[in-house]
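S.K.: The structure follows.
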């Protein structure tokens, strides 16, 4: 991997959707981006992680692909080892996440789906952050990385109830607390940690319920009356990556079109 002495950002789950938008934005900001995903095919430059890599390089940026499933302890160890070999990590963006393969009423939910979502959406980023934060502390202490930063991409489902996908809500609520815990723990070593909480974002994940959300948005669910885009989330990450929000460690940035506002 040729990082050309650039700042390095790892964006988990960056082969599509919000992660893709974040990876492209960080590359424009001058980061060498580690594009991460599970399904990795170098011959496929039309979609997935290698499409993102190609798109970054077409605009003059630099990127590399690392295959890793964050829910796998072995994969996480391999990912951390590769980052260690690079010798630095300036920004970790915990973005990887999945939705239930099938929405089910809370009273009919099964443990298999619960275990899958908790493993990918919560356990994986929790322990990946633990391991990489240790390295970030050392690199900062050694003067290799001037200011490491960590971002967690959660969801409005961290607080908004959806009884047809309870396991997703629980995984995001837990991830929200993980962001708070790491912000608290790492404040003493001056490593900022923030939570970015997207709302209804137009991605592959929300494609299956597009009609539902089209209707709800048209009926006034969101004050802005439009879908969010991956670029909206990426801009919030970009501001954090620049250092604009370092004194706001532990904060939550809602990128939700005003969903959180209460109105009479």
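S.K.: Here is a list of conditions, (1) without any contact (Cβ under 8 Å) to a residue 24 or more places away in the chain; (2) touching a strand residue (DSSP E or B) at 6+ places or on another chain (Cβ under 8 Å), and residue 74 meets all of them except one; can you say which number that is?
M.R.: All conditions pass for residue 74, except number (2).
S.K.: While we're on this one: Output the number of the condition that residue 14 fails; it satisfies all remaining conditions of (1) part of a helix (DSSP H, G or I); (2) under 19 Å from the mean Cα position of the chain (by Cα).
M.R.: So the condition that residue 14 fails would be (1).
S.K.: Collect the residues in the stretch 204-241 that are assigned to a loop (DSSP other than H, G, I, E, B), on the phi < 0 side of the Ramachandran plot and free of Cβ contacts under 8 Å to residues at least 60 places away in the same chain, keeping them in residue-number order.
M.R.: Residues satisfying the conditions are 206, 219, 221, 222, 223, 224, 226, 227.
S.K.: Just checking, which of 153, 194, 201 is under 21 Å from residue 258 (Cα atoms), without any contact (Cβ under 8 Å) to a residue 60 or more places away in the chain, crowded, with 21+ Cβ neighbours inside 10 Å and touching a strand residue (DSSP E or B) at 6+ places or on another chain (Cβ under 9 Å)?
M.R.: The unique qualifying residue is 194.
S.K.: Which numbered condition trips up residue 244, out of (1) without any contact (Cβ under 8 Å) to a residue 12 or more places away in the chain; (2) part of a helix (DSSP H, G or I); (3) within 21 Å of the chain's Cα centre (by Cα)?
M.R.: (2)
S.K.: Would you call residue 224 loosely packed, with under 15 Cβ neighbours inside 10 Å and within 30 Å of residue 47 (Cβ to Cβ)?
M.R.: yes
Only the coordinates and a few stated rules stand behind these numbers; no lab work does. Everything numeric here is computed off the predicted structure, so don't read it as measured data. Reconstructed Cβ throughout: ideal geometry from the backbone, glycine too, with neighbour counts over all protein chains shown.
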